[in-house]
1. Search the range 138-155 for residues being among the charged types (D, E, K, R) and in contact with a Leu (Cβ under 9 Å, 6 or more places away or on another chain), and hand back the single one that is farthest from G178 (Cα to Cα).
2. Is there any pair with a first residue in the range 145-170 that is acidic (D, E) and a second that is modelled with pLDDT of 95 or more whose Cβ atoms are under 8 Å apart and which are 6 or more apart or on different chains, and what are they?
3. Quick check: anything in the range 63-79 within 27 Å of R121 (Cβ to Cβ), out of contact with any strand residue (DSSP E or B) (no Cβ under 9 Å at 6 or more places or on another chain) and in a loop (DSSP other than H, G, I, E, B)?
4. Go through V170, V196 for me and flag whichever is in a strand (DSSP E or B) and among the hydrophobic types (A, V, I, L, M, F, W, C).
5. Among the listed residues L47, L131, L90, identify the single one that is surrounded by 14 or more Cβ atoms within 10 Å (Cβ to Cβ) and out of contact with any strand residue (DSSP E or B) (no Cβ under 6 Å at 6 or more places or on another chain).
6. Can you find, within the range 134-159, the residue that is surrounded by the fewest Cβ atoms within 10 Å (Cβ to Cβ) among those that are of a type in the set (D, E, K, R) and part of a loop (DSSP other than H, G, I, E, B)?
7. Sort out which residues of the range 106-120 are assigned to a loop (DSSP other than H, G, I, E, B), in contact with a strand residue (DSSP E or B) (Cβ under 6 Å, 6 or more places away or on another chain) and surrounded by 14 or more Cβ atoms within 10 Å (Cβ to Cβ), and write them in order of number.
8. Can you pull out the residues in the range 158-211 that are under 26 Å from P40 (Cβ atoms) and of a type in the set (S, T, N, Q)?
Amino acid sequence: MDKQVLNSAIDMQFMTDQKDTLPGAHFQAQFAALKNQISPHFLFNSLSVLSSLVRKDPDLSEQFIDHMARVYRYLLEQKDDQLVSLSTELEFARSYAFIQEVRFARKFRVEFRCEESMTKRCLLPFTLQLLIENAIRHNRMSAAEPLTVVIQTRADGQLLVSNNVQIRSVPDRSIPQGLASIRQRYEHYTGEEVLVTESDEEFLVSVSLIA
């Protein structure tokens, strides 16, 4: 792929998620609508995967159901919370990642490299799930070229979520656009900017954890 075309494609991962910041009630309504979109698409895809697993791999099916239950418990418990501890969000993200890794087999994986000392800090709920989805939405994947998302913390309190760049020609429009929501929510609640760094090889989002 021509480098200029590739750079334009990388820009699309970020720019297609940009929206004007919405004030007050309109902002809250947008976030509520985004959370409501998580369940139908995720549930449909998860049930489709589960139906194919039941006969082929009963043990994996049991694990899959357990992680689905954990994901939906989190969706119910955190739907009205403005902040959640990183440890709680990571537990949810691991279950969410497990389901996606099973769904995409050897094409997709999530690596967690978070320091225990950072896990008591807080962030806005669904941040990790939306960033994982953002990577899936914009990037192709295959067994030969898997898509890898890395979630890690830094000593200065930054949470980093990165993925290798393998841009789709057209984003997966069944997945809601979550990056713009994250940036708006953090600016609204903390006044801090969510930083996005792009290159031909990596797409990186940096979020400040809340002490």
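The values are calculated or read from the model by the stated rules, or taken from the named source; none is laboratory data. Not measured: the values here are computed from a predicted model. When we count neighbours, we look across all protein chains shown, and the Cβ atoms used for this are built from the backbone with ideal geometry, even at glycine.
1. R154
2. That search, which allows pairs on different chains as well, returns E145/Q166.
3. yes
4. V196
5. From the options L47, L131, L90, the qualifying one is L90.
6. D156
7. C114
8. Listed by number, the residues that qualify are N163, S169, S174, Q177, S181, Q184.
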